[in-house]
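Structure first, commentary second.
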Amino acid sequence: MSGALVIIQVLNGLQFGVLLFLIAAGLTLVFGVMDFINLAHGVQYMLGAYLAVMFYGVFDNFFAALVMALLAALLFGLVLEFLVFRHLYGRDHLDQVMATFGIILFLNHAVRVVWGAAPLTLPVPDAFSGSVVLMDGLLYPVWRLLIIGAGLAVAGGLYLLVGHTRLGMLVRAGASNARMVSALGVNIERLFMIVFGFGTMLAGFAGIMIAPILSVEPGMGDNILILAFVVIVIGGIGSIRGAFIAALLIGLVDTLGRSFSVDILRLMMAPSPARMVGPAIASMSIYLLMAIVLYFRPAGLFPAKGR
């Protein structure tokens, strides 16, 4: 276990964490403000990646594709909210789960019809295609550093938006008591639409940023959705600060656990059992973390006030 490998895996964990935050931030707002369980949030992450690939084919420019894909993801989210989701707000959570699961099945099949089942790729922009020297003999891709920087910038922007603007005040109030906010004359449907559209755009942005690293394929948002729900449970429903801290924790725990669990277990047992037990423990590490947090903090690390 070399120091250079530890540094690389820590950076990989941070990159994974900020991507989880981009997805979980919108999800925790939707869940916290609207009390709406949206299983289709991971599909919006997938669509962001597909839209970026499509617009790159049109413009042959990554940044033009980024802007157009973000706008298309926002528009698609608003259309879904208007046509489907707003009719589910007053329904039971089981109805919401079943309806949004149906949307997952429909959209996963739709992207197969439109783009095919074969994985697609999005090239890294030429300006960010190289690596930087972190120390002697240690290189790290510029694009992964850019993902970390973009995620931290979004986190800072969300902190200012939610904590220091009138819209943010309404979002925080809605997360605490949506009925009271509505009784005070706030157009709660418009607030819900803004929150939902913004969350969709954040999920799409995560999909766009990861597309040059991972294959773009149907169903790519399903597994990430599970982790996003773990993030909001650990961080606290409706809390942007909680989502940020929990996402970084999960990114680091998952990445470092998968990289070093076998090496750590070799200190306590023979190499052969360590190779068998290590991957199993690593795959459970984030759920063990969730269990520990919920044992001591049942509402999460930083739940929204009123929860």
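Restricting attention to the range 52-76, the residues being closer than 19 Å to Gly26 by Cα and of a type outside the set (Gly, Ala, Ser) number 7.
Just to verify a result, which residue in the range 104-154, among those that are of a type in the set (Phe, Trp, Tyr) and under 22 Å from the mean Cα position of the chain (by Cα), is nearest to Ile23 (Cα to Cα)? Restricting to residues being of a type in the set (Phe, Trp, Tyr) and under 22 Å from the mean Cα position of the chain (by Cα), the top hit is Trp143. Put simply, of Leu289, Leu252, Leu267 the only residue that is of a type outside the set (S, T, N, Q) and assigned to a loop (DSSP other than H, G, I, E, B) is Leu267. Taken together, the residues in the range 115-144 that are in contact (Cβ under 8 Å) with a residue 24 or more places away in the chain, within 13 Å of Pro212 (Cα to Cα) and not in a strand (DSSP E or B) amount to 8.
What are the residues in the range 111-143 that are closer than 18 Å to Val79 by Cβ and either exposed (fewer than 14 other Cβ atoms within 10 Å of the Cβ) or not hydrophobic (A, V, I, L, M, F, W, C) (or both), if any?
Val114
In summary, Ala99 fulfils each of the numbered conditions (1) surrounded by 15 or more Cβ atoms within 10 Å (Cβ to Cβ); (2) free of Cβ contacts under 8 Å to residues at least 24 places away in the same chain; (3) on the phi > 0 side of the Ramachandran plot with the single exception of condition (3). Which numbered condition in (1) without any contact (Cβ under 8 Å) to a residue 12 or more places away in the chain; (2) more than 17 Å from Gly207 (Cβ to Cβ); (3) of a type outside the set (D, E, K, R) is the only one that Val67 fails? Val67 satisfies every listed condition except (2). Close Cβ contacts (under 9 Å, 6 or more residues apart or on different chains) running from residues in the range 14-37 that are farther than 8 Å from Ala247 by Cβ and at pLDDT below 85 to residues that are aromatic (Phe, Trp, Tyr) and not in a helix (DSSP H, G or I) comprise Val30/Phe36; Met34/Tyr89; Asp35/Tyr89; Phe36/Tyr89. Within the range 42-52, one or more residues are of a type in the set (Ser, Thr, Tyr), more than 13 Å from the chain's Cα centre (by Cα), in a helix (DSSP H, G or I) and more than 17 Å from Arg241 (Cβ to Cβ). Can you say whether Val262 is among the β-branched types (Val, Ile, Thr), touching a residue at least 24 places away in the same chain (Cβ under 8 Å) and either outside any loop (DSSP other than H, G, I, E, B) or surrounded by fewer than 16 Cβ atoms within 10 Å (Cβ to Cβ) (or both), as far as the supplied structure shows? Considered against the rule, which asks whether it is among the β-branched types (Val, Ile, Thr), touching a residue at least 24 places away in the same chain (Cβ under 8 Å) and either outside any loop (DSSP other than H, G, I, E, B) or surrounded by fewer than 16 Cβ atoms within 10 Å (Cβ to Cβ) (or both), Val262 comes out as no. Within the range 210-234, residues that are in contact (Cβ under 8 Å) with a residue 40 or more places away in the chain sit with their Cβ atoms under 6 Å from residues that are of a type in the set (Lys, Arg) and surrounded by fewer than 23 Cβ atoms within 10 Å (Cβ to Cβ), at 6+ positions apart or across chains, in these pairs: Pro218/Arg112. Checking each residue of the range 156-168 against the condition of being buried (at least 18 other Cβ atoms within 10 Å of the Cβ) and modelled with pLDDT of 75 or more gives at least one match.
Give the residue, chosen from Ala247, Ala203, Ala243, Ala228, that is within 17 Å of the chain's Cα centre (by Cα), farther than 29 Å from His87 by Cβ and surrounded by 15 or more Cβ atoms within 10 Å (Cβ to Cβ). Full working, then the answer.
Details: Ala203 fails: farther than 29 Å from His87 by Cβ; Ala243 fails: farther than 29 Å from His87 by Cβ; Ala228 fails: farther than 29 Å from His87 by Cβ.
Only one candidate qualifies: Ala247.
The values are calculated or read from the model by the stated rules, or taken from the named source; none is laboratory data. Keep in mind the model is a prediction, meaning the values are calculated, not measured. When we count neighbours, we look across all protein chains shown, and the Cβ atoms used for this are built from the backbone with ideal geometry, even at glycine.
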